[in-house]
1. What are the pairs with Cβ atoms under 7 angstrom where one residue, in region 189-216, is on the phi > 0 side of the Ramachandran plot and the other, located anywhere, is surrounded by fewer than 19 Cβ atoms within 10 Å (Cβ to Cβ) and assigned to a loop (DSSP other than H, G, I, E, B)? Sequence gap at least six, or different chains.
2. So, restricting to helices (runs of 4 or more DSSP H) that lie completely within region 9-102, which ones have at least 2 residues that are surrounded by fewer than 18 Cβ atoms within 10 Å (Cβ to Cβ) and out of contact with any helix residue (DSSP H, G or I) (no Cβ under 6 Å at 6 or more places or on another chain)?
3. So which pairs qualify, if the first residue must be in region 129-151 and more than 30 Å from LEU195 (Cα to Cα), the second must be among the polar types (S, T, N, Q) and outside any helix (DSSP H, G or I), the Cβ gap must be under 9 Å, and the two must be at least 6 apart or on different chains?
4. Pairs only if they're at least six apart or on different chains, beta carbon under 8 angstrom, first in region 26-47 and aliphatic (A, V, I, L, M), second part of a strand (DSSP E or B) and crowded, with 22+ Cβ neighbours inside 10 Å; list them, first residue then second.
5. Identify, from the list GLU154, GLU88, GLU99, the residue that is farther than 18 Å from MET247 by Cβ and either in contact (Cβ under 8 Å) with a residue 12 or more places away in the chain or within 19 Å of the chain's Cα centre (by Cα) (or both).
6. Would you please name the residue that is nearest to LYS220 (Cα to Cα), looking only at residues in region 92-126 that are in contact with a strand residue (DSSP E or B) (Cβ under 6 Å, 6 or more places away or on another chain) and β-branched (Val, Ile, Thr)?
7. Give, as residue ranges, the helices (runs of 4 or more DSSP H) completely inside region 185-287 that count at least 3 residues that are in the same structural domain as GLY126 (by TED's automatic domain parsing) and within 21 Å of ASN134 (Cα to Cα).
8. Given the conditions (1) surrounded by fewer than 12 Cβ atoms within 10 Å (Cβ to Cβ); (2) closer than 20 Å to SER232 by Cα, which single one is not true for ASP193?
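The values are calculated or read from the model by the stated rules, or taken from the named source; none is laboratory data. On a predicted model such as this, the values are computed, not experimentally measured, just so you know. With ideal geometry, Cβ positions are generated from the backbone for all residues, glycine too; neighbour counts draw on all protein chains shown.
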Amino acid sequence: MLEFYKPSEKDRDLFPTESKYLAYEYYYSYSVIWGEAIGLTICKTDTALYMHLATDDVFLLPITDDLPKAMAELEEHCKKSGQRFQLECVPAEQAQELEKLGYSSVHVRDLDDYLYESQKLIKLRGRKLQSKRNHISQFERKYTYSVRPLRTEEERGECYRMASTTWLENQDEISEEIKAELGALKRTFDNWDNLGLVGILICVDHTLTAFTVGEIIDDKLAIVHFEKADTSYAGIYSVVNQLFCSMYLSDVQYINRQEDAGVPGLRKAKLSYKPDLMVEKYRITRQ
C-alpha cells in the first residue's frame, strides 16, 4: 500500500516547478496554504506523486509521466486499504486521457479555474471592460491613495489584521469556508519567503484599503492566491487587480484567479473580466 504523510519543506521538489498544469492545485504552494484546511497528505513512489484530501476523501490527479501506471498503482492501493477511489480537480486534458483508459468523468463547474491574459487585466481595453476602466477612474478622482510592494513582516501582519476585521465584517456570514480562508491566509504570510510570493498593498489616506498576494510559476502562469479589499471604497477591487498585474505580472501569459466555488457573486465578478480560458476540472471514478 501507499504510505501517505503530511508534506513539508523537504518535499518542495516533488511538485512541478514549471507550468505543467494550469490548475493551481498542483503546485507546492497549494500544499502549504491549504494543506491544513483540507487534510492534505502525499505519497511519492517511482511512478508518481499522489495527493489525498482527507476532508472530502478524494485524490487529486497523480503528478506523473506515466498516467496509466500511476492510476493502476492508485487503484491497487485503494483496493488494499479500503480507501474510496475518486479523483477531483482533474484538468480536461488528463480527464480525456483517463476516459480512454476506461474511467468515468464528470465536469464540476464550481471548481473550474478562471485564466486571463495578463495584458487584458493590465490594459482593460475594449467595450466589454469599459466598466472596469470607469471604476478605476472614479476611484482615482475620489481618493488620495498610495501603492507599494508587500514585503515586510509588519506589512503582512497589517494585511492579516485588515482581513480578519474590515474584510470579515463585509461578509454576509462567517462560514466555515471563511474561517478556513483566514487560516490559509495566515499560513501564507507565515511562509512568505519559503513560497517566494509577491504582493502589493493600497492605502487611502494612510489607511490600508486592499492587498493582493500572488505567485509567479514561470513566464506562462501566475496564480493570484488572495485579494482582499474594503468595499466601502468604490472601485477598489478593480484598482488593486490592475495595479498588481501591472507591477508584477506583465511578462506572464496567463493569470489564474482560481475558481468561484459556486458562489453567485464571485462567479459574476470573475466572469465580468471576460476570462480568456477556463481550466475545466473533472471528477474521476471507475466505471
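1. Listed pairs, sorted by first residue: ASP205/THR144.
2. Values: elements: 28-38, 67-81, 92-100.
Ranges flagged: 67-81, 92-100.
3. These pairs meet every condition: TYR143/THR209.
4. Partner pairs satisfying both residue conditions: ILE33/HIS225; LEU40/MET51; ILE42/TYR50; ILE42/MET51.
5. From the options GLU154, GLU88, GLU99, the qualifying one is GLU88.
6. Taking the candidates together, the pick is VAL108.
7. Once the helices (runs of 4 or more DSSP H) in region 185-287 are filtered for at least 3 residues that are in the same structural domain as GLY126 (by TED's automatic domain parsing) and within 21 Å of ASN134 (Cα to Cα), what remains is 236-248.
8. With (1) surrounded by fewer than 12 Cβ atoms within 10 Å (Cβ to Cβ); (2) closer than 20 Å to SER232 by Cα applied to ASP193, the lone miss is (2).
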